[in-house]
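Below you'll find the structure, written out as structure tokens, and then a few comments.
The values are calculated or read from the model by the stated rules, or taken from the named source; none is laboratory data. Here the structure is a predicted model, which means the values were calculated and not measured. Every residue, glycine among them, receives a Cβ derived from its backbone with ideal geometry; neighbour counts consider all protein chains shown. For the accessible areas, the whole protein counts, side chains as well, though only heavy atoms, and no ligand, DNA or RNA atoms are used. Shrake-Rupley method; radii C 1.70, N 1.55, O 1.52, S 1.80 Å.
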Amino acid sequence: MDISGNSKRRAMDDKLINLPMDVLNCILDHLPIRDAARTSVLSRKWRYIWAGHPNLVLDPKNIVTVTKNDFVGIGNEILLQHIGPILTFHVDISDVHMSQYPNIDRWILYLSRNGLRKLRMKNSGVSLYALPSYIFLCEELKHLALTKCIFKPPCGTTGSFHSLKQISLNQVAFKPEVSASIFTASKLETLCLVKCSGMDHLNFDGCSPSLSSLVLYMNHGVKLRCFMNCKSITSAKLVLPMEVNYLGLGKRINLASLFEHWPLISNLFLDGYHLKLLAADSITSALPVKVDHLRDLTLYGISFTDLVPTVTAGNSLVLQYLQERSRMSEEINSLQALNMRYFQGSRAEMLFVKLILACCPALERVSFVDKRVEASEVCNILKELVVFPRASRKAQIIF
């Protein structure tokens, strides 16, 4: 019998078990759930460490099952044996049949009673999962990420979140009966809405003081004007459906009003159609406000010559604007990066790059992504780009 070997193993086990609990939890965080569960057989002391782990990730890829229904059964067993609070819960229900959704409802109820702070639910299946009203009982919930779910009217609950700081919703639908103030009480810092629907009646006014990051991507019923009073926004991605947004009293949102209401904006992503709407009322004059904090600007899918349809003497108003350097006098003096997608090498695009290079003293790079340029034209375009005057010695062209 190798007594010395057994003694060494016990000594190693003792060292592991005597580590601080946050270190042990960090170790379990980096293990798939099936391996984390196996730690319970290491020793008597380890038996209950995994059962009390506050962060659970239920992913079918990390759970061995014979049928898809086994995944739900295993999830039931894990929650049944769990001891203590569950602060983080990530689950992928893509392969769960809708007949098993009542089990998922019970998971949400259990989580609502155990101090849940972070919930991420992924669903790439065909059926949307209708969230139970228990979701509103998660009073300590701070981070919420949902894919292909439905918010329905709560039963016997207040129907709003109070502690949320980060929301990411992808293909999430809201029933008309859902309270308009569902997010009003939240102190949101990050809001990401992608292809969501049924949100035209929702009120985001309560998010104004704290919201700093906003993503609106092809949603139905989400109006940009709802966020015009969010003075703390520093990052925004706007890819909006074909609709005009108004501030009220017939006044349309344009570039000037956007920068006026978001004075701290430093990272901005605009799609071509929305830029066309924003620029329509201000293309013939310089911006009345300075854009002192803008550092990263991404322009996606833009046809520069189509921004304004009016044509005079063979030159569009866009070309006239881009050829007048005075338009940009110290207006974006903090811009550090410009990313251009689907660059075609048109005259308007070249003048735009020339204007940015000449007027941005903090510029570090101009990048061209997914270029639509003929191979025979690349050399000529590069020759013209490299000789453009630059206000910044650090400015690099990445073509």
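Descriptive notes on the structure:
- Label point at MET98 placed 7 Å out along Cα→Cβ; residues across the range 186-201 whose backbone nitrogen lies under 18 Å: 197
- Virtual paramagnetic centre 7 Å along Cα→Cβ of LYS290, amide N under 15 Å, in the range 343-366: 360-362
- Loop-located GluC sites (Glu not before Pro) in the range 116-199 whose Cβ has at most 15 other Cβ within 10 Å (DSSP): GLU139, GLU140, GLU177
- Added length on full extension, which subtracts the Cα-Cα distance from 0.36 nm per residue, LEU80 to GLU377: 100.4 nm
- Distance between the range 92-136 and the range 198-230 - C-alpha centres, whole angstrom: 25 Å
- Rounded if a/c under 1.5, otherwise prolate or oblate - the range 88-205, Cα gyration tensor axes: rounded
- Counting only protein heavy atoms and a 1.4 Å probe, the range 181-239 has 36 square angstrom of accessible area per residue.
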